[in-house]
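The values are calculated or read from the model by the stated rules, or taken from the named source; none is laboratory data. Given the structure is predicted, the values throughout are model-derived calculations rather than measurements. For neighbour counting, all protein chains shown are included, and Cβ atoms are generated from backbone atoms with ideal geometry for every residue, glycine included. Each accessible area value is taken on the protein alone, full model and side chains, heavy atoms only, with ligands, DNA and RNA left out. Shrake-Rupley method; radii C 1.70, N 1.55, O 1.52, S 1.80 Å.
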Amino acid sequence: MRIDVVTIFPEYLEPLNVSLVGKARARGRLDVHVHDLRDWTYDRHNTVDDTPYGGGPGMVMKTGPWGDALDETLADGFEAGAHSPVLVVPTPSGRPFTQELAVELSERPWLIFTPARYEGIDRRVMDEYATRMPVVEVSIGDYVLAGGEAAVLVITEAVARLLPGVLGNAESHRDDSFAPGAMADLLEGPVFTKPPEWRGSGMTAVSLSGLHWMLGRRGRDEAFRRTAVNRPDLIERCEASAFDKKDREILSILGWSPEPGGRFWRRPEDMEQ
Ligand code: SAM
């Protein structure tokens, strides 16, 4: 996969050289290019922003530098159709970044990120590139950062670990929280390692048996417990048909019951548990 990032803070992307993403680059799985947006400014002050039309506080990033930077980046190998790059625009008003979107992006050959500063980029830039390639506006959460670079790091790491040959053990993302498959819509349960006894807290015979209990019934019950406490919304939006008899038993113990519409809800008196 190829990744291009256009930013006014190229040094902010240094973490792309370390750990999993750094190794993926070293192994040739990821081809990352970071560009300084100010290389496409032509005035003495390398201006990338201007006052907003319509007034209001803050500055807006100008069309000119973004247009020239993106045109030059795209000229280096643009293809339309299935092989087309995707323009990934970090913005708090974008589509929430989820594991599902990470999987979607990991299937594309080329991502071009446009992390902004100030009040964001002049809208016409996104609209113009949307006529030639997919443009996905992505939010990494319901809060406002000073710039989109941290969002690029988050998205890149989540996408890179899904690429073939990047994780040491290809199985390890299959039972992650949010991963499609057996544990879909549940958070991952707790994990443990050696020693078997720590500060009076020991492991059970099942977990010491060497069986991968996380993927069995015990692990699924733990996943339900954690999801019920931290993300009840995930259980609420699941179709009841997704739950087997044992799932229903643990849900009932945790205070959830089926409602006539087919989904599960929790009794208000059990909310604090
Ligand atoms: N005025 C904008 C708004 O309220 O939508 C916020 C602009 S923010 C100060 C500057 C830039 O940081 C954004 O254009 C975007 O690139 C990035 N950013 C901030 N919060 C983000 C989030 N939650 N997800 C993704 N990018 C974000």
Next item on the list: Compute, for LYS246, the solvent-accessible surface of its heavy atoms (probe 1.4 Å) with the complete set of protein chains present, and express it in square angstrom to the nearest 10.
Entry: 110 Å²
Notebook entry, point to check: Roughly speaking, what is the stretch gain from ARG29 to GLU72, that is 0.36 nm per residue apart minus the C-alpha to C-alpha distance, in nm to one decimal?
Noted result: 13.2 nm
Check: How big is the Rg/Rh ratio for segment 2-160, C-alpha atoms only, Rh by Kirkwood, two decimals?
Finding: 0.94
Next item on the list: Using only the Cα atoms of segment 81-230, each taken as one equal point scatterer with no solvent, compute I(q) by the Debye sum, divide by I(0), and report log10 of the ratio at q = 0.12, 0.19 Å⁻¹.
Entry: -0.67, -1.16
Checklist line | Accessible surface of segment 81-147 [probe 1.4 Å, protein heavy atoms]: carbon and sulfur percent | finding: 52 percent
Check: What is the projected area of the convex hull of the Cα atoms of the chain, averaged over all directions, in nm²?
Finding: 20.3 nm²
Next item on the list: Work out how much length TRP198 to TYR53 would gain on full extension: take 0.36 nm times their residue separation and subtract the Cα-Cα distance, in nm to one decimal.
Entry: 46.0 nm
Next item on the list: Positive end of the charge dipole of the chain (Lys, Arg +1 and Asp, Glu -1 on Cβ, about the Cα centre): tell me which of GLY81, THR63, ILE250 has its Cα farthest that way.
Entry: ILE250
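Hey, with R₀ at 41 Å, roughly what FRET efficiency would HIS45 and ALA82 work out to, going by the Cβ-Cβ distance, to 0.05?
Efficiency computed from Cβ-Cβ geometry: 0.50.
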Next item on the list: Apply 1/(1 + (r/R0)^6) to the Cβ-Cβ distance of ALA240 and ASP142, taking R0 = 30 Å, and write down the FRET efficiency to the nearest 0.05.
Entry: 0.60
Note to self: Can you give me the C-alpha center-to-center distance between segment 1-29 and segment 60-139, rounded to a whole angstrom?
What the structure shows: 17 Å
Check: Relative to the first principal axis of the alpha-carbon coordinates of the chain, what is the inclination of helix 63-75, with its axis defined by its Cα atoms, in degrees from 0 to 90 and to the nearest 10?
Finding: 70 degrees
Item checked: On Cα atoms only, tilt of 149-160 relative to the major axis of the chain in degrees -> 60 degrees
Next item on the list: For ILE121, tell me the accessible area in Å² from a 1.4 Å probe, rounded to the nearest 10.
Entry: 20 Å²
Next item on the list: Based on a Kirkwood Rh over C-alpha pairs, give the Stokes-Einstein translational diffusion coefficient of segment 1-87 at 10 °C and viscosity 1.306 mPa s in µm²/s.
Entry: 106 µm²/s
Checklist line | Cβ-defined net charge surrounding PHE9, 9 Å radius [Lys, Arg +1; Asp, Glu -1] | finding: -2
Checklist line | Counted charge near VAL18, where neighbours are those whose Cβ lies closer than 11 Å (Asp, Glu -1; Lys, Arg +1) | finding: 0
Notebook entry, point to check: For segment 119-164, what is one quarter of the convex hull surface built on the Cα atoms, given in nm²?
Noted result: 4.3 nm²
Checklist line | Label-point gap, in nm, between ASP176 and THR131 - each point 7 angstrom along Cα→Cβ | finding: 3.7 nm
Next item on the list: Kindly report the accessible area of segment 2-160 per residue (heavy atoms of protein chains, probe 1.4 Å, no ligands, DNA or RNA), in Å².
Entry: 50 Å²
Check: Mean residue ellipticity at 222 nm from the helices of the chain, using -39,500 (n - 2.57) per DSSP H segment of n ≥ 4 over the full residue count, to the nearest 500 deg cm²/dmol?
Finding: -8000 deg cm²/dmol
Notebook entry, point to check: Accessible surface of PHE78 in the full protein assembly, 1.4 angstrom probe, to the nearest 10 Å²?
Noted result: 80 Å²
Checklist line | Calculated FRET value between ARG2 and VAL154, using beta carbons and R₀ = 25 Å, to 0.05 | finding: 0.85
